[in-house]
Every structure is written in structure tokens, then in C-alpha cells.
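Structure first, commentary second.
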Amino acid sequence: MKTQTIHPKITEVLTETFKVPAVEILPESTMDSLEMDSLAVAEFAVIIKETLGVAADSEKLYKDATLADISAFIDAAVGGEAAGGAVPVSNTR
């Protein structure tokens, strides 16, 4: 599964489950910028595990990670390439 396939799935989950407006879901968006609290991030992680088979707990879905970072992590995990399961985090706050 490639990032081009993963990002639309993330968009679907965020819009349908969490009612995030699709126009706000950009590769550079973070969970924090989408106003996803820690409970929502944990629920998002469970949904990703159930739908994509990727075990990514909320610890791996840092609020500062962009959706592009999260997509890349999921892509690597699906491909079996997740090096330590770390999500790159932007420190631009």
C-alpha cells in the first residue's frame, strides 16, 4: 500500500468518524491542528489498526507529526519497513 492510498484512507477516517472538514485535512496538518485531543488520537490509532492492520498506538501518532509523516509511517509499517516504528515529528511550534 502506498502513501497515495493511505492518505485517502486517513482522510476518510477523519471525516467520517471525527467529522473533520475535508478541506482541513492536508499533508502538513497535524492532529493538534485538526483539534484532535488525546482520546481522539487513541481512537484514531485503533481504527487505523483495524482497517489497515497497522499497530500504531497513540504514542506513535504524536500530535506534532504531520499527516504526511503518519502516512509515511503507515506505508512503511504495511511494507514491513518501519524502523523501530518511530514517526518523524516536526518541532516547529
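The values are calculated or read from the model by the stated rules, or taken from the named source; none is laboratory data. Note that the structure is a prediction, hence the values are computed from the model and not measured. Neighbour counts run over all protein chains shown; Cβ positions are idealised from the backbone, glycine included.
If you go through segment 1-24 and keep only what is touching a helix residue (DSSP H, G or I) at 6+ places or on another chain (Cβ under 8 Å) and under 18 Å from Asp75 (Cα atoms), you end up with Met1, Lys2, Thr3, Ile6, His7, Lys9, Ile10, Thr11, Val13, Leu14.
Only one entry of Val20, Val13, Val41, Val46 meets the criterion of being at pLDDT 95 or above and either part of a helix (DSSP H, G or I) or of a type in the set (A, V, I, L, M, F, W, C) (or both), and that entry is Val20. For segment 75-84, check the following and say yes or no: at least one residue is modelled with pLDDT of 90 or more, at negative phi and exposed (fewer than 14 other Cβ atoms within 10 Å of the Cβ). The answer is no; no qualifying residue exists.
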